[in-house]
1. When you scan segment 86-125, how many residues do you find that are of a type in the set (Val, Ile, Thr) and over 12 Å from the mean Cα position of the chain (by Cα)?
2. Only residues in segment 134-147 that are surrounded by fewer than 20 Cβ atoms within 10 Å (Cβ to Cβ) count as the first member; pair them with residues that are in a helix (DSSP H, G or I), Cβ under 7 angstrom, at least 6 apart or cross-chain, and list the lot.
3. So is GLY16 assigned to a loop (DSSP other than H, G, I, E, B) and modelled with pLDDT of 80 or more or not?
4. If you scan segment 41-55, which residues turn out to be in a strand (DSSP E or B) and either under 24 Å from GLY81 (Cβ atoms) or charged (D, E, K, R) (or both)?
5. State which residue is surrounded by the fewest Cβ atoms within 10 Å (Cβ to Cβ) when the search covers only segment 35-80 and only residues that are free of Cβ contacts under 8 Å to residues at least 40 places away in the same chain and over 19 Å from SER122 (Cα atoms).
6. Out of the helices (runs of 4 or more DSSP H) lying entirely within segment 57-170, which hold 2 or more residues that are in contact with a Pro (Cβ under 9 Å, 6 or more places away or on another chain), at pLDDT below 95 and of a type in the set (Phe, Trp, Tyr)?
Amino acid sequence: MLPGRGAGATPSARAGPRKPRRAVPGAGDRGNMESIILKGRKVVPGRAKGEAVVTTEPISFIGGVDPLTGLVSEPGHQLEGVCLAGKVLVYPTGKGSTGGSYRIYDMAVHRTGPIAFVQLQSEPIATIGAIMGNMPVVDALDRNPLEVIATGDTVEVDADRGLVIVTPKK
């Protein structure tokens, strides 16, 4: 049984009425654009490439993400019900308690978490989890990634060089 759910519930099952989901930011119609290169600061070294999931809201990995499924479980969060597993998470910053570091590590080990972080501003909790989980992190980019990257874009994070390469979804 998954935490917070009744017996036999699936990760997508919910108790009570569903709140309308707030719009997830996008970068408009960019279908004809080539790759976009953003330059920033290496926080945690490494490279990863995958589909972007973008939110303008901070995320707590303790209580806000189900570690067994990778689904954002925080009620009312912009990404509520979205799976982070295998994705490049683009978000402003983390929030929550120090236990979030271990949760990020645990999700990395079990492959239920993001493969990289692109942040406006890194913070110690997510950074420590990313270090333990060997997940590249870049922040302080020359352009706001929340305005440039849209959910569904392909994002390559080359933290060693401080680069984020975005290929817009067609």
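The values are calculated or read from the model by the stated rules, or taken from the named source; none is laboratory data. All of these numbers come straight from a predicted model, not from anything done at the bench. Cβ atoms come from the backbone with ideal geometry, glycine included; neighbour counts cover every protein chain shown.
1. Filtering segment 86-125 down to residues of a type in the set (Val, Ile, Thr) leaves 88, 90, 93, 98, 104, 109, 112, 115, 118, 125.
Now restrict to residues that are over 12 Å from the mean Cα position of the chain (by Cα): 98, 109, 125.
Residues that pass the stated criteria total 3.
2. The qualifying pairs are ASN134/ALA108.
3. Values: assigned to a loop (DSSP other than H, G, I, E, B): yes; modelled with pLDDT of 80 or more: no.
Against the criterion (assigned to a loop (DSSP other than H, G, I, E, B) and modelled with pLDDT of 80 or more), GLY16 does not qualify.
4. Initially, segment 41-55 is screened for residues in a strand (DSSP E or B), giving 41-44, 47-54.
If the condition is that a residue be in a strand (DSSP E or B) and either under 24 Å from GLY81 (Cβ atoms) or charged (D, E, K, R) (or both), then ARG41, LYS42, ARG47, ALA48, LYS49, GLY50, GLU51, ALA52, VAL53, VAL54 are the ones that fit.
5. The selected residue is GLY63.
6. Details: elements: 99-109, 124-133, 145-148.
Output list is empty.
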